[in-house]
Amino acid sequence: MATSKPSLPKGTRDFGPEQSAKRSYIIDTIKKNFLKYGFSQIETPAMEQLSVLTGKYGDEGDQLLFKIVNSGDFLKKSNTQDYEAGSGQLLPKISEKGLRYDLTVPFARFVVMNQHEITFPFKRFQVQPVWRADRPQKGRYREFYQCDADIVGSNSLLNEAELTMLIHDVYSDLGYKGFVLKINHREILMELARYAGLKGKEMPFCVVIDKLDKIGQEKVTEELIGLGANESKLADILNVFNFIHDNISKIALIENLIGSNRGSSELSEYFNYLNAYEQGELKIELDFSLARGLSYYTGIIFEVKATDVQIGSITGGGRYDNLTGVFGMEGTSGVGISFGLDRIYDVLEELNLFPSALAQSSDVLIAHFDEQCMYHGLGLLQKLRSSGLRAEIFPESTKMKKQFNYADKKDIPFVLVIGSDEIANKKYSLKNMKDGSQEMLSIDQITEALSN
RNA sequence: GUGGUUGUAGUUCAGUUGGUUAGAACGCCUGAUUGUGGUUCAGGAGGUCGCCGGUUCGAGUCCGGUCUUCCACCCCA
């Protein structure tokens, strides 16, 4: 077989021991908090039927789905006419499965398929990779992890409040203070669009509004007038966006402009819940210009942004009133959030916020002078491990220099040396690699010393 | 999907208007050190210059294609 240079598919990465340790640290922190809030873990397959995935993410999303060609002779169901008719007709004949694009739609499928076994409200979390055929950039990968927590089967806004507290706990545990949790309500965006005279064009309105902090007010105004918006009403709206005040005052202001509505009353109720937790210093900012994508959100939406790192959104979520409806199960409302593991990693890395003690090295290495010493070491190895220590033995008898170098490179803090004297005296040299000190100790003394 | 950008040793990068045998630092290996790593010193190995093709007497250098990287759109974790 011809050899070839190995390479990775675009937008995918390997993770070495150090990176993996850091990723596990983030995942463990998030999982711990999911469990703390009463969520249970589920897992779903990497691939789903294409019929489950398509049409859930809009036309853009469908293009970004990775499709899997059918097994075996994947052309056998198609003919040249299908080929000439283009990919739209050919695709369903050669592909029936795709890689999941997010965790929410597979979860909706899971809920529908298991509705009779599930007790509602159902609180599930899921930490798995998803795939998007997007063009990669910094912080944008074709394979990345989402850490989702959703509550379905409950309309209560207390769930939104719970997720808000959860987000704060996660970032607090990760030691990251530079985030801001932005909140808005889909209904307010709709009302604002109608106020601006864009009835029927609410979605395009949201798309433009979402670019506000990127392209600025003038460009946004320009684009919205291009859509047919009323200029003076638009000025009213931008005025509200610029209003810097506490969140409660902002609700009053928006009601003043477009009247009381489902959005404003739900936001009030949400803030009332948060208030009752009696937890000060929540980093929540009501931002009426926040317009998250994902067409299925219908209620409160939120997004966590890093203020000190240029990376975009690191957590997002919101309420979807009828996600399971597309699978024939009506009236199940849900609310969820998704932590972007890969982006959180990039933030912690850039700000140097990973704990220094993440290295997964052994506590002690057993080094030896010859094969007989190595055999003797296996008994000691077993004693070290059964007392709870992380221990390893160098697997070949070779020069001391090489064995010590191994311990040094792997940051193993202690080396236990076995020679013929040691075996005779039942006392072994234990070297502290940090300060270079060394003493002769029995195996019991060593386990004792290292266990502290 | 549209437009641009990047690629040279394990890593970070030099490499002149196209011209002998493509360099440095760090890392790696060996020795100085026959019971001990990190420091020091001496020596050594390591390159299809992303890949394919073209122009040329001659290409790391110029041209085309392709893959990859990063960036701006679009969208998003």
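Placing +1 on each Lys and Arg Cβ and -1 on each Asp and Glu Cβ, with no other charges, gives segment A:361-451 a dipole about its Cα centre of roughly 180 debye. Ranking A:Phe205, A:Leu378, A:Gln217 by Cα position along the charge dipole of chain A, where only Lys, Arg, Asp and Glu carry charges on their C-beta atoms, puts A:Leu378 farthest toward the positive end. Report summary: the helix-based calculation at 222 nm, which adds -39500 (n - 2.57) for every DSSP H run with n ≥ 4 and divides by the residues of chain A, gives -13000 deg cm²/dmol. Restricted to Cα atoms, segment A:193-268 shows a radius of gyration and a Dmax of 12.5, 34 angstrom. The apolar share of the surface of chain A, taken as the fraction of accessible area on carbon and sulfur atoms (1.4 Å probe, ligands and nucleic acids excluded), comes to 49 percent. Here segment A:38-55 is scanned for amide nitrogen atoms under 14 Å from the site 7 Å beyond the Cα of A:Met113 along Cα-to-Cβ, giving A:42-53. If R0 equals 51 Å, the separation of the Cβ atoms of A:Leu8 and A:Glu281 corresponds to a calculated FRET efficiency of about 0.75. Full extension of the chain between A:Tyr406 and A:Asp421 gives 3.1 nm of extra length, using 0.36 nm per residue less the Cα-Cα distance. Note on A:His245 and A:Phe120: with the Förster distance fixed at 51 Å, the Cβ-Cβ geometry gives a FRET efficiency of about 0.85. For chain A, a simple Cβ point-charge model (Lys and Arg +1, Asp and Glu -1, everything else neutral) yields a dipole of about 1040 debye relative to the Cα centre. Legend: distances between Cα atoms for A:Lys22/A:Lys402; A:Lys123/A:Lys305; A:Lys56/A:Lys97; A:Lys22/A:Lys138; A:Lys32/A:Lys409; A:Lys5/A:Lys402; pairs beyond 23 Å are A:Lys22/A:Lys402; A:Lys123/A:Lys305; A:Lys32/A:Lys409; A:Lys5/A:Lys402. Cross-link partners of A:Lys250 among aspartates and glutamates, defined as those whose alpha carbon lies under 12 angstrom from its own and excluding same-chain residues fewer than eight positions apart: A:Glu285, A:Asp287. For A:Lys76 and A:Ser437, a Förster radius of 60 Å and the Cβ-Cβ distance give a FRET efficiency of 0.25, rounded to the nearest 0.05.
Can you give the net charge of the other residues whose Cβ lies under 9 Å from the Cβ of A:Ile68, counting K and R as +1 and D and E as -1? Neighbourhood net charge equals +1.
Building the convex hull from the alpha-carbon atoms of segment A:361-451 and averaging its projection over directions returns 5.0 nm². Rolling a 1.4 Å probe over the heavy atoms of the protein chains gives chain A an accessible area of 52 Å² per residue.
Amide hydrogen proximity for A:Arg124: with H placed 1.01 Å from N in the peptide plane, the residues at 5 or more positions away or on another chain lying under 5 Å are A:Ser40, A:Asp150, A:Val152.
Extension gain, A:Asp321 to A:Ala449: 0.36 nm times the residue separation minus the Cα-Cα distance gives 40.2 nm. In this simple spin-label model, placing a label point 7 Å from the Cα along the Cα-to-Cβ direction at both A:Gln63 and A:Gln372 gives a separation of 7.5 nm. Counting only DSSP beta bridges with both residues in segment A:361-451, the antiparallel share comes to about 50 percent. Where the alpha-carbon atoms of chain A are placed on the principal axes, they occupy 93, 66, 48 Å, in descending order.
The values are calculated or read from the model by the stated rules, or taken from the named source; none is laboratory data. The structure presented is a predicted model; accordingly, all values stated were derived computationally and were not measured. In this analysis, Cβ positions are derived from the backbone assuming ideal geometry, glycine residues included, and neighbour counts consider all displayed protein chains. The protein model used for the area step is the full one, side chains on, heavy atoms only, and it has no ligands, DNA or RNA in it. Shrake-Rupley method; radii C 1.70, N 1.55, O 1.52, S 1.80 Å.
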